[in-house]
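Below is one structure; the comments refer to it alone.
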Amino acid sequence: MDGARMWHVFAGGNDFQWCFSQVKGAIDEDVAEADIISTVEFNYSGELLATGDKGGRVVIFQHEQESKNRPHLRGEYNVYSTFQSHEPEFDYLKSLEIEEKINKIRWLPQQNAAHFLLSTNDKTIKLWKISERDKRAEGYNLKDEDGRLRDPFRITSLRVPVLMPMDLMVEASPRRIFANAHTYHINSISVNSDHETYLSADDLRINLWHLEITDRSFNIVDIKPANMEELTEVITAAECHPHQCNVFVYSSSKGTIRLCDMRAAALCDRHSKFFEEPEDPSSRSFFSEIISSISDVKFSHSGRYMMTRDYLSVKVWDLNMENRPVETYQVHEYLRSKLCSLYENDCIFDKFECCWNGSDSAIMTGSYNNFFRMFDRNTRRDITLEASRESSKPRATLKPRKVSTGGKRKKDEISVDSLDFNKKILHTAWHPKDNVIAVAATNNLYIFQDKIN
């Protein structure tokens, strides 16, 4: 099936294809470690897009309005604000360096003119306020226009300061710092549907915070055994339910997902639901446990389903059915025969994320060689696309990619042996309302959009 017809299914009836919109970031071959993107997140309206990197910086892009001269072109995302969210630190008690790398960014729903987001590194979560200033006060009594203090004896009359227009300034200021609550590395933060609380998860514990209170949090899950030698699994991801503020899920390195209800008990060590797919004994191997570890869990916008990503597949679970997923999509099954070499080069431990489109009808996740995959839930069709500068001409249509697993390779196919495992798409985001996607490829952020025919 050709690309145009294949993409008919991802558009709810309109024929469209994905096309290149923008790419952000330097083209250099030598990529600085600090510039590697570590998280991507649209805000609730899709107007803002935030990225965090290994250097502790947050860059926010704003969607510009469509120009009247070129109505067929959607507005682009341009840099709105850049700020240093986290700095490298050193824990002197444990003699440990704490990286500045941003692990996760989560937006809060907008309540007023300002925007708020949470960003976290391994240990500390910060609440940032992003606000605009386009006026300044002039005509002070006690200081001159250049800021110098005036001699009080020379002031003979009182002036009323007036607000004067100035160039637009976007300020990012830290409003809250939530620290000292995690012994292990934070892997997830998730804002609750009550918009007052959020949870943060590390390898062994999950804490519940109030956005206004920084000096204490409630420990709601603790799987740390009394004897650490008895440790068999760790928490890999956690998320709050999009509509029920008492419900959350967390996934484990054993491929299981636990759904907890905070109404049942203050400490949710006893789960309400336990989601696990029985293992096929015939396919068991040395790598089975490693590749079954869940790297990401996401509720659908409707709250009816959740999606989990393990090393080779994406699974969709109905919250009412615990014994097996309702849908399973193979992301890169051709790598099953390569697990030995992927174990040796540590790629088998890569943590791929996944995301839903705005209507929950399609899902997206990343792969190697700068490939990313999309699956249509209604037709069960799938496609592989590539984020590369070769196809980065404005409005250039993305051609579907195919990987050959052996035998005779067709003209447009790429051999599984020539895939570049250093180029990996770990972080992707889908606009909450439109067919616009953001794909992080090392230090570059690609933005693709639909091309209505």
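Answer yes or no as to whether Asp376 is open to solvent by less than 20 Å² (accessible area, probe 1.4 Å), of a type outside the set (Val, Ile, Thr), in contact with a Phe, Trp or Tyr (Cβ under 6 Å, 6 or more places away or on another chain) and closer than 18 Å to Ser302 by Cα. For Asp376, the condition - open to solvent by less than 20 Å² (accessible area, probe 1.4 Å), of a type outside the set (Val, Ile, Thr), in contact with a Phe, Trp or Tyr (Cβ under 6 Å, 6 or more places away or on another chain) and closer than 18 Å to Ser302 by Cα - is met.
Just a yes or no: is a residue in the stretch 331-340 farther than 20 Å from Thr405 by Cα and under 21 Å from the mean Cα position of the chain (by Cα)? No, that holds for no residue.
Taking Asp215 as the residue in question, decide whether it is of a type outside the set (Val, Ile, Thr) and open to solvent by 20 Å² or more (accessible area, probe 1.4 Å). It is true that Asp215 is of a type outside the set (Val, Ile, Thr) and open to solvent by 20 Å² or more (accessible area, probe 1.4 Å). Among the candidates Ile437, Ile414, the residue that is over 21 Å from Gln62 (Cα atoms) and either in contact with a helix residue (DSSP H, G or I) (Cβ under 9 Å, 6 or more places away or on another chain) or of a type in the set (Val, Ile, Thr) (or both) is uniquely Ile414.
Note on the stretch 322-335: among residues that are modelled with pLDDT of 95 or more and among the hydroxyl-bearing types (Ser, Thr, Tyr), the one that is most open to solvent (accessible area, probe 1.4 Å) is Thr328.
Inside the stretch 394-425, residues that are under 24 Å from the mean Cα position of the chain (by Cα) and under 25 Å from Ser45 (Cβ atoms) make up a count of 1. Applying the selection to the stretch 127-138, what residues are out of contact with any Lys or Arg (no Cβ under 7 Å at 6 or more places or on another chain) and open to solvent by 20 Å² or more (accessible area, probe 1.4 Å)? Hits for the stretch 127-138 are Ser131, Glu132, Arg133, Asp134, Lys135, Arg136, Ala137, Glu138. If you filter the stretch 94-120 down to residues that are touching a Lys or Arg at 6+ places or on another chain (Cβ under 6 Å) and either free of Cβ contacts under 8 Å to residues at least 24 places away in the same chain or of a type outside the set (Gly, Ala, Ser) (or both), you find that the one that is farthest from Leu199 (Cα to Cα) is Ala114. Does at least one position in the stretch 49-68 carry a residue that is within 30 Å of Glu33 (Cα to Cα), open to solvent by 70 Å² or more (accessible area, probe 1.4 Å) and among the hydroxyl-bearing types (Ser, Thr, Tyr)? No, the stretch 49-68 has no match at all.
Taking the conditions (1) crowded, with 17+ Cβ neighbours inside 10 Å; (2) modelled with pLDDT under 95; (3) not in a loop (DSSP other than H, G, I, E, B); (4) not aliphatic (A, V, I, L, M) in turn, Cys268 satisfies each one other than (3). Taken together, the residues in the stretch 381-400 that are open to solvent by 30 Å² or more (accessible area, probe 1.4 Å) and at pLDDT 90 or above amount to 3. Within the stretch 336-344, is there a residue that is part of a strand (DSSP E or B) and either of a type in the set (A, V, I, L, M) or open to solvent by 20 Å² or more (accessible area, probe 1.4 Å) (or both)? So far as the stretch 336-344 goes, no, none of its residues is part of a strand (DSSP E or B) and either of a type in the set (A, V, I, L, M) or open to solvent by 20 Å² or more (accessible area, probe 1.4 Å) (or both).
Can you find even one residue in the stretch 281-290 that is of a type in the set (Phe, Trp, Tyr) and outside any loop (DSSP other than H, G, I, E, B)? Checked the stretch 281-290: no residue is of a type in the set (Phe, Trp, Tyr) and outside any loop (DSSP other than H, G, I, E, B). Summed over the stretch 358-369, the residues that are within 17 Å of the chain's Cα centre (by Cα) and open to solvent by 10 Å² or more (accessible area, probe 1.4 Å) give a count of 2. Of all the residues in the stretch 109-119, those that are farther than 20 Å from Asp215 by Cβ and either in contact with a Pro (Cβ under 7 Å, 6 or more places away or on another chain) or open to solvent by less than 30 Å² (accessible area, probe 1.4 Å) (or both) number 4. Figure legend. Inter-residue proximity from the stretch 167-181: first residues more than 13 Å from Ile213 (Cα to Cα) and hydroxyl-bearing (Ser, Thr, Tyr), second residues in a strand (DSSP E or B) and open to solvent by less than 80 Å² (accessible area, probe 1.4 Å), beta-carbon distance below 6 Å, spacing 6+ or different chains. Indicated pairs: Ser173/Lys129. Filtering Asp91, Asp122 for residues that are open to solvent by 30 Å² or more (accessible area, probe 1.4 Å) and either at pLDDT 85 or above or not aliphatic (A, V, I, L, M) (or both) leaves a single hit, Asp91. For the stretch 191-203, filtered to residues that are touching a residue at least 60 places away in the same chain (Cβ under 8 Å) and open to solvent by less than 10 Å² (accessible area, probe 1.4 Å), the residue that is nearest to Ser300 (Cα to Cα) is Tyr198. Of the strands (runs of 3 or more DSSP E) lying entirely inside the stretch 352-453, those containing at least 3 residues that are farther than 26 Å from Val326 by Cβ span 402-404, 413-415, 436-441, 444-452. Of the residues in the stretch 169-185, none is in contact with a Cys (Cβ under 6 Å, 6 or more places away or on another chain), surrounded by 13 or more Cβ atoms within 10 Å (Cβ to Cβ) and assigned to a strand (DSSP E or B).
Per the listing Phe248, Phe299, the residue uniquely under 30 Å from Asp194 (Cβ atoms), within 23 Å of the chain's Cα centre (by Cα), open to solvent by 10 Å² or more (accessible area, probe 1.4 Å) and of a type in the set (Phe, Trp, Tyr) is Phe299.
The values are calculated or read from the model by the stated rules, or taken from the named source; none is laboratory data. Just so we're clear, the structure is a prediction, and the values are computed from it rather than from any experiment. Don't worry about glycine lacking a Cβ; one is built from the backbone with ideal geometry, like all the others, and counts go over all protein chains shown. Just so you know, the surface numbers come from the protein's heavy atoms only, side chains and all, with ligands and any DNA or RNA stripped out. Shrake-Rupley method; radii C 1.70, N 1.55, O 1.52, S 1.80 Å.
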